[in-house]
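The values are calculated or read from the model by the stated rules, or taken from the named source; none is laboratory data. Keep in mind the model is a prediction, meaning the values are calculated, not measured. Because the Cβ atoms are built from the backbone with ideal geometry, glycine has one as well, and the counts that use them run over all protein chains shown. For accessibility, only protein heavy atoms count, side chains too; no ligands or nucleic acids. Shrake-Rupley method; radii C 1.70, N 1.55, O 1.52, S 1.80 Å.
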Amino acid sequence: MANLTQLQNEAAERICTRFPQISRKEFRGDITLTVPAAILTEAMAYAKEACGFDMLVCVSAVDNLGQEPRFETNYTITQAETGANLLVRCPVSEAECAVPSVVSVWSAADWMEREQYDLMGIEFIGHPDMRRIMMWDGYPYHPLRKDFPVEGKPTEMPGVAFTEKAPTAGGPFITRPGVGTAGEREPRARG
């Protein structure tokens, strides 16, 4: 059986040959394919059907505040039998803030895409149930964006959530800075 690096290289080459718009980058043995949003679903279906990437491991997003495109969605896909991985990156402009959903390719994308929508504000076009999964309905912000303040923002939903900024300094989950171990600085260790 071929080694993982060879399997990953062969699969990446097949995908890039089929879709010349895809760029490829290799860093420390990991291969990242940058896929334009216009062909994302088609390229992912090809990776699954023709190249054997039958498992979607992760969907995440990055906020590159101050750059354009501001966001990117990242997918880790795997060949379950061999363990070969590819990282797929899709740039997302702040103006559009939307990419095609890959739920039609991998049903596992369902909740992962909803999480990115909820916390980063990236909409997944064609998703069967594009609604918040962690924050409450009507929450007007996306708390994993870099421009979201650590202390939070006030909301106008009394009885549903905080109506003032949530304090973090000295809060129950804030560790104290210092040279002690994490266990000693951990809030529950304080008594």
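Couplings 3J(HN,Hα) for region 53-68, derived from phi with the Karplus relation 6.51 cos²θ - 1.76 cosθ + 1.60 (θ = phi - 60°), are 7, 8, 9, 8, 8, 7, 10, 9, 9, 10, 9, 9, 3, x, 10, 10 Hz, where x marks Gly and Pro. The amide H of CYS58, built 1.01 Å from its N in the peptide plane, has THR76 as neighbours under 5 Å, considering only residues 5 or more places off or on other chains. Accessible area per residue (1.4 Å probe, heavy atoms of protein chains only) ranks TRP136, TRP111, TRP106 as TRP111, TRP136, TRP106, with the largest value leading. Measuring with a 1.4 angstrom probe and ignoring ligands and nucleic acids, LEU4 comes out at about 80 Å² accessible. Compared with the direct C-alpha span, the chain from LYS25 to ASP129 gains 34.1 nm at full extension, assuming 0.36 nm per residue. For region 1-158, a Kirkwood hydrodynamic radius built from all Cα pairs, placed in the Stokes-Einstein relation at 37 °C and 0.692 mPa s, yields a translational diffusion coefficient of 199 µm²/s.
Accessible area per residue was computed with a 1.4 Å probe on protein heavy atoms; VAL103 scores about 30 Å².
Model label points for THR181 and ASN74, set 7 angstrom from Cα along the Cα-to-Cβ axis, are 3.1 nm apart.
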